[in-house]
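Worksheet: one structure, shown below.
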Amino acid sequence: MLESPIHEIYAKIKFVNGDINKNTLSHPYFIKNKGWSSFDPNKTLLKYGFEVKKIEINDEFLFYKDSSIEFIKVKKITIFRKQQKTFNLKHVLKNNNFFINGFLVHNAS
């Protein structure tokens, strides 16, 4: 099942390889040496019901591309406002994790 709420504040992440990803502040991503992390751990706890670490510059996101897994380092983080509909998988069979845009995320459903 897909849920599509409207959010108003996001993080734009630029990685050292030039890739850019935009996401909500509360969505948990898997980070090397930290585990599950988000830009706003308090919002993540309220929304998803579990504790996470805070994402910071130089953190390394788990990334899947072309049948291989690597870690990509964060170069810059920008917080911005824009009212926009987002999409999230509400239920993932046998697992609460999935890859979106190559990044491992958690849906905590």
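Laboratory data are not the source of any read-out in this text; all were calculated from the coordinates shown. If you're wondering where the values come from, they're calculated on a predicted model, not measured in any experiment. Please note: Cβ atoms are built from the backbone with ideal geometry, for glycine as well, and neighbour counts cover all protein chains shown.
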Under 13 Å Cα-Cα from Lys65, which aspartates and glutamates qualify once same-chain neighbours fewer than 8 residues away are excluded? Asp19
Treating only Lys and Arg (+1) and Asp and Glu (-1) as charged, each at its beta carbon, one finds that region 2-89 has a dipole about its Cα centre, in Debye to the nearest 20, of 300 debye
Separation of the Ile77 and Glu56 label points, Cα + 7 Å toward Cβ, nm: 0.9 nm
Per the Cauchy relation, a quarter of the hull surface: what is the mean projected area of the convex hull of the alpha carbons in region 2-89, in nm²? 6.1 nm²
Take each of the peptides 55-64, 12-21, 75-84, average the number of other beta-carbon atoms within 10 Å over its residues, and list them starting from the highest. 55-64, 12-21, 75-84
Determine the sum of side-chain charges near Gly102: Lys and Arg each +1, Asp and Glu each -1, restricted to other residues whose C-beta is under 10 angstrom from that of Gly102. -2
